[in-house]
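What follows is a short report on a single structure.
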Amino acid sequence: MTAQPVPPCALCLKQLPLQQSHVIPEFMYQPLYDANHRARVLTNDAAQGTRPKYLQKGLRVPLLCFDCEQHINDTCEKPMKAMWVDHQPYADPMIQEHQWVLPAQPDAFRRFHLSVLFRAAAARTLDSAWKNVFAENHLPDMRTALLGTNPISPRRFPIACWGIVDQKLELIPGLVVPPVDRRVLGVNAFYFIYGGFGWLYWCGSHFDEQIATVMMQPDGKIPIGRTHFAEVGHLCEVAFEHLRRVGKASTNKGMATP
């Protein structure tokens, strides 16, 4: 029997042995683990009442070679963990409906989120969790950005964010929702939930100026709203309502538009 060819590394495209790569990094699962080291994953079916799915090592796929795995870890994951998990720049509980947050390393923050989007898009045919991330046409631009050292343009892959809170307005990190795809403000976008937050990643060939008031700004500040845990089964409605409110708050506060 003829051996199946090993696919190349998704990032460098070299024919090298592949690691079992996380799409959402392991440290984002750490707060989710129960006493049996399991994380709960909420799928679209689970949101409608079926039993939740549990994972013990996060969602992993054969995706990156060893060197690229280390590159992503050093340039994306370590900075994100240091500035967002180890030293939280946001308020929790989220008493205010909206807050503006400035990550310590804005470009590394953008790079981290682009790496999640890239890995999900590259893994779309490898695991059904990522089947909705139709972004293959943008993979070359993502590779160039992730392998390069130049700052990532905030308009090329805009990011929006909102916290998932309980009745005490405290963030709920114990939840992962596989992404869904929608057109938001005229541009293709993907919704992820992990680490206590909902993340909206735009991925289109053009930029709509309406996005400018709700996305992470060129100066690195990002507007963060909040939504209750009970609403996460209605991702589209939650995201649109968040964007509407943040856009209104941005206008009222006179925040600069890029």
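Details
- Cα gyration tensor category, rounded, prolate or oblate, for region 115-198 with a/c compared to 1.5: prolate
- Three-way shape call for region 60-158 based on the alpha-carbon gyration tensor, with the a/c threshold at 1.5: prolate
- Hydrodynamic estimate: the Kirkwood radius of region 82-121 over Cα pairs, inserted into Stokes-Einstein at 10 °C and 1.306 mPa s, corresponds to D of 137 µm²/s.
- Peptides 6-19, 213-226 ordered by average Cβ neighbours within 10 Å, highest first: 213-226, 6-19
- Global form of region 99-154, assessed from the alpha-carbon gyration tensor, a/c cut-off 1.5: oblate
Bear in mind these aren't lab numbers, they're just calculated from the coordinates by the rules spelled out. Computed from a predicted structure; not experimentally measured. Note that we place each Cβ from the backbone using ideal geometry, even for glycine, and neighbour counts take in every protein chain shown.
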